[in-house]
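This report concerns only the one structure given below.
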Amino acid sequence: MPVPNLPQGYDAIVSTSPYTMLVYRNIHDVLIDRENDVYINKLAESWSTPTPTMLSVKLRDNLYFSDGTQITANDVKKTYEWILDKPSTPFYDIVPIDSIITHGNYLNIYSSREISLQGGFISLTGILKAEDIEKGEDYLNQNPIASGVYYVHFKNDEKVILKKNIYHRDFQSNKKAPDIVELILVPKLENRYEMLLNDEVDFLENLYIGKYDEVLATKKYQILEKDSNLVMYLMLNATSERIPSIRANSALSEGGEIDNPLRDKRVRQAIAHIIDVRSFITNDMHSKAYPIILPALRHLYGYPTEKECYEYDLELSKSLMEKAGYSEGFEIDLHCTNSRISRPLAFFIKQCLEDINIIVNIEYIENNAIRTRDTSRAMILSSMNIRSNFTLGYTLNNRYRYRHNPNYPRGENIFGNYNPRINELLDQITTTSIDISELSGLYKELTDIIIDETFIVPIINPFNIYAVSKKFTYTHRPYLKFTDFSVVK
C-alpha cells in the first residue's frame, strides 16, 4: 500500500496523522471496539456499571503482547493513567477518573461524576506495556510492542512492514488475511497510481477522483465506494475577529479602514450563488459526491433535508455584486490544504468567481496551520471530518461533547459569533432533557440563520473510493483494518 507519509509514532499520544492511526489501529487492540454504534468485546471479556460512577471491566484470560509477554490488568491501568494525565491528548478530561483499582483480571474505574459514555471511555485506546510506558514516548515509538493482530516487524525511512502477531488470540482465525502488509513511502500522487496500474502495489486508499475512469477501465480492480465522513465548505471571513478559531485582524470589527468586501452579506450571497456545485460534482467528481446544505452529514438528526442548496445563478450573483457596489470585482486570497479534493475544488472556485470579476489567489497551507492564519481578507476552503452519529447540534458545537464536564473550557462552534442567536440555540440544543419536537424547531431556526447569513458556503460531501487489486478482496469498515482483506487464490 503506497502512502504519502509514513507513520510518525506508534502510541496513542502521538497518533495524530491518518497514517499513524492506520498503523495504530492495526497493531493495538482496544478493550472494547465500536462498530456502527455496537460495542464488541476485544481485550475485555465483559464490562458493567455497578454504580453510575463506577465502571468494572473484566479482561480475557491468556492475552499476550507481540513479544509473547502476558497482558495484565496493571498494563491496562498504567496505560489509562498515563494517557489521562496528558492534557495534549484527545482523551484527556473526557471523564474525570479518580482512581483505577485492579484485582486479578478485573479493573474497577471510579469517577467523581456519572460515567455516562456507555462504554466509550474504554474503547479509546490500545494497551501498552506498563514497563515500556515508564521508558517514555521515544522508547514506545522505537519499540512498538503490539497487542493487536499485527505488529511492526521492520521500519525505516522508506517503508513499514507489519506481520501477523502469532501470539494474538485471533491468529488462527485470520488465515485469509495477508500475513505481511507493507506501507511504502510514495509522496507523489502520480507515482502512486503508476505503481497501482503496474501491479507494484496491491491496494490504494482513497482513489484520486481524476484517476477513477483510468483505474476502472483496466477491469482488474475492485472499486469500493462509500459515503465519507468528510464535508467541504468555504468560510467567508466577513468579520475575522469574531471567529475565535482564526487569528484575525481586529481592525475589521472595530470599523478600521481595511477594505473587506466580504463584510457585505450581498457579496457573500453572490459567491454562494456563483459556485456551480452540481457541475463540479458531475464533471470533476464523476458524480461521486453530494451537494450539502450545511457542513454536516445528511443522515444526522436535525439536518434540514427540506431546504435547498445554493443554486448556481449567474444573473442573480451579478445583480448582488452590483447592488453591493462591487460590479468591477476585487482581488482576494483563498487558503486551502493541498489535498486530493481541496486542490481541484479550489481551482474550480477560482474559475467560478472570475465570472463576477473576483480574482482569486490560491495559497496552499499545511493542514495544521490553516486555522491559525491571519485571514483578515481571505476565504478558507476547509473541511470537517464528522465522526458523530448523533445530532446536528453535536456536530456544529463541540461544547456538546464535553457537556458532562463543567471544568472543560467553553468551546466554540464553527460559525463563530456572527449572530448571537446561533450560540443561544446551540446551548439549548445541547440540553439533554429537551423535547424532540422542540429540538426540530431549534434546528429549523438555526438553519435559517446560517443560510441567511451565508458566511459559510457548504459545498460537498464526497464518497470515499477505494481501489483493490485482484490479489485481495476487501470488506470496508469505518477504519481500515488489514484483517478485512482476504487473499484471493
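Read-outs: derived from the displayed coordinates by stated rules, not from any lab. This structure is a prediction, so every number in the text was calculated from the model and none was measured. Quick reminder, even Gly has a Cβ in these numbers, built from the backbone with ideal geometry, and neighbours come from all protein chains shown.
Could you list, in their original order, any pairs among K58/K155; K164/K288; K58/K226; K288/K350 whose Cα atoms are separated by more than 27 Å?
The pairs that break the limit, which is 27 Å between Cα atoms, are K58/K155; K164/K288; K58/K226.
With a point put 7 Å past each Cα toward its Cβ, work out how far K175 is from T69 in nm, to one decimal.
Going by the 7 Å Cα→Cβ label model, 3.2 nm.
Find how many whole Å separate the alpha carbon centroid of the stretch 18-43 from the alpha carbon centroid of the stretch 437-479.
Cα centroid to Cα centroid, the span is 23 Å.
Want the number for K471 to E311: 0.36 nm per residue separation, take away the alpha-carbon distance, what's left?
Residue separation times 0.36 nm, minus the Cα-Cα distance, leaves 53.2 nm.
Can you give the extra length, in nm with one decimal, that the chain gains between D259 and E158 once fully stretched, where that is 0.36 nm per residue apart less the Cα-Cα distance? All intermediate terms of the calculation are to be shown ahead of the outcome.
Values: separation 101, 0.36 × 101 = 36.36 nm, distance 4.86 nm.
Once the chain is fully extended between D259 and E158, it gains 31.5 nm.
Quickly rank 338-345, 213-220 as a protection proxy: mean count of other C-beta atoms within 10 Å, highest first.
Descending packing order for the listed peptides: 338-345, 213-220.
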